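Take a look at the structure set out below.
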Amino acid sequence: EVIVTASRTPVEAQKATRIVTIISKSEIARAPAQNLNDLLRNIPGVDIRQRGPLGTQADISIRGGTFDQTLILLNGINVTDPQTGHHNLSLPVDIESIERIEILNGPAAKSFGPNAFSGVVNIITGNSRPDNIRSSLLLGQYGLSRASANISDTAGKLEQFMSLSRMSSDGYIENTDFSNSSFFYQAKYRLQSGRIDLQTGYGTRNFGANSFYSLKYPDQFESVKTDFVSVKYQNRSAIRIEPAVYVRRNRDRFELKRDDESVPFNHHRTITAGINLNTWMVHRFGRTSLGADLRNEHILSNVLGNLLSNPVRVRGFDDTYYVKSCNRFNASLYAEQTISVRNFTAAMGIMAHHNPGLTGFGLYPGMDLSYRFNDHLRIYSSANKTLRMPTFTDMFYTSPVQQGNPLLKPEEAVTFEAGIKYSSTLVRGEFNAFRRQGSNLIDWVKDPSPDSLIWRSANHANIGFAGIEASLTITPSAEMPNGSLQSLRLSYSYLQGDSAEDNMLSKYVLDYLRHQLNLSIDFMIVARLHNSTTFTWRDRNGAWQDAGGGIVSYEPFWLADTRFSWKTEHITLYAEASNVFNSRYYDFGGLIQPGTWVRGGLVMNLDYRKKKSG
């Protein structure tokens, strides 16, 4: 049974009181995708909005939330960026290093803290094949190339995993070139009393940012460097104790005019450090867990924060200094109780949270209920309150066309949800409906008149969202491995937001996916030769302002991606194409996305240190 992140403590997927979508290693291996963004794109309720191609830069939102409202975990460690949610997916992990992905739709502040406003994504890394070397090579249009390698080694009490990757492209249009690289290391050491987990990584992303933040400036450029380390201990006693410490650093350089310092570059350096303590025990009345998070968020910048009395030099740049800074300390306390009586399960919890934006501790309770009719069918419902603190960009960013607001209040929301789930070897089906009522939602807004220039960060409105999500997965291969149809997944989500309280143009909050239809088919053509194809239809609410000031509504569009792969025990050859029908579409207004993009590659697996038979 797969253990998932659905609550403060790990739980078996079938016993979870919330619905957690899992993307398995086998699904990742066969998907027509080359990055995390493309894997998440076809999950109902998940909205991936790309600026740069192939994972260069993208925003993730769930159930109509903004990109700052989704919590990102890497092996259970919070790697969310306090400067801006634009960096939340800047992870030093390539697709070949992902073992599985867990997606929890809906709020989870009582379990994971303030940023779990509209959903949680937990990325699990490693290789379940011990003593294995995996290498891959990818080539494609627009000068695309990627080389990656990883090794999984088990020796006695020590398990290790290490990966290296580099991907680059000349870009599909002018100034969309990119060069991304990553290094990741993970170790698990078994002690008599428990286990120590270590993970560390370093990643760089350098990319032409053609019109990313303004259609008037097609020569933008950005360079992002991210490194982090975390250590966690897990004991084996009846009272489980899991302390963890982590440090994450992100350095960002933004150039409005590429390689032209006539407009000074924006330099930012954030350091996030935290201590997480989780403890739980199972007893006759269920499971009780207590926890605490202490998290410090610090930024040095030449544009964000309060003025420094002693400027700090920017490494690598003469006569350039960080002249502003901001620091905030977050403290969260957790308590959660799970009770199971026959087929009924209830999980009740609360988070008490404090930081400089709050007076005292704010209380954020939640309750999840589940009733299991049999081994296959269950219903569930939940009610949760959550919050999100403004990012440093929300508070301080100022430019000729943008004005931040250091007096922003925290966002808050209450969400009610109910659903039903059926699960068997052959068929899995889910249906749920939810209602989220948000207050003091943070957005960048402006007057829609053509002569209006300034986007202002504000607690824009009290907006409610209501939606449904439905999915059906059929897996004939579970009972007939040699059959033609391996799997079929169909999903649909619908979202409706209340009208804004005024006629202000919204940059993020009201640009949600109203309709999202996904179809994925995986079938075997002949022995060893497979095809995986995904279709998606998206209809986005909202509008955008073109370079001339005109208001343009988003148009619905179809996308199709396909992959042919031939696999043996040690070698996989594949060819794939994204946007097969060459659809013209926008995730963000005015930023045209790539047309048909063809690529192919080779993956090699080598098992070493095999045990001798007999």
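The values are calculated or read from the model by the stated rules, or taken from the named source; none is laboratory data. Small disclaimer: the values here were computed from a predicted structure and weren't measured. Cβ placement follows ideal geometry from the backbone for every residue including glycine, while neighbour counts extend to all protein chains displayed. Surface areas here come from the heavy atoms of the whole protein model, side chains and all, with no ligands, DNA or RNA. Shrake-Rupley method; radii C 1.70, N 1.55, O 1.52, S 1.80 Å.
The solvent-accessible area of Asp447, taken with every protein chain present and a 1.4 Å probe, is close to 70 Å².
The modelled label-to-label distance between Met281 and Ile454, using points 7 Å beyond Cα along the C-beta direction, is 5.9 nm. Estimated at the nearest 10 Å², the accessible area of Phe373 is 110 Å² with a 1.4 Å probe. Average accessible surface for the chain: 42 Å² per residue, computed with a 1.4 Å probe over protein heavy atoms with every protein chain in place. Volume of the convex hull of the stretch 313-372 (Cα atoms only), normalised per residue: 133 Å³. Here Asp170 and Ala335 are evaluated by their C-beta separation; at R0 = 41 Å the FRET efficiency comes out at 0.15. Spacing of the modelled spin labels on Tyr185 and Val247, each 7 Å from Cα toward Cβ, amounts to 1.5 nm.
On the principal axes of its alpha-carbon atoms, the stretch 212-263 has extents of 62, 19, 10 Å, going from largest to smallest. Among the listed options [x] 179; [y] 158; [z] 191, the one matching volume of the Cα convex hull per residue in Å³ as calculated from these coordinates is [y]. Summarising the overall dimensions of the stretch 189-308 from its C-alpha atoms, the Rg and Dmax are 21.3, 69 angstrom.
Sorting Met348, Met524, Met604 by solvent-accessible area of protein heavy atoms yields Met604, Met348, Met524, largest first, with a 1.4 Å probe. The relative contact order of the stretch 52-195 comes to 19 percent, based on Cα pairs under 8 Å that sit 6 or more residues apart. For the pairs Lys25/Lys421; Lys188/Lys567; Lys15/Lys409, note any where the Cα-Cα span goes beyond 27 Å. Too far apart for the 27 Å limit: Lys188/Lys567; Lys15/Lys409. What the pair-distance distribution of the stretch 371-442 shows, using all Cα-Cα distances binned every 5 Å from zero, is 4, 13, 16, 12, 11, 10, 9, 9, 7, 5, 4, 1, 0 percent. Considering only alpha-carbon pairs that sit under 8 angstrom and 6 or more positions apart, the relative contact order computed for the stretch 160-255 is 22 percent. In this structure Lys409 has an accessible area near 120 Å², from a 1.4 Å probe over the protein heavy atoms.
If R0 is 56 Å, the Cβ-Cβ spacing of Arg315 and Trp537 corresponds to a FRET efficiency of close to 0.75. Alpha carbon centre of the stretch 539-576 versus the stretch 253-290: separation in Å? After rounding, the separation between the Cα centres reads 28 Å. For the stretch 273-363, which whole-number percentage of the solvent-accessible area (1.4 Å probe, protein heavy atoms only) is attributable to carbon and sulfur atoms? The value for the stretch 273-363 is 61 percent carbon and sulfur by accessible area. Across the stretch 450-583, the volume of the C-alpha convex hull divided among the residues equals 165 Å³ per residue.
For Tyr422 and Ser128, the FRET efficiency from 1/(1 + (r/R0)^6), where r spans their Cβ atoms and R0 equals 41 Å, is about 0.90.
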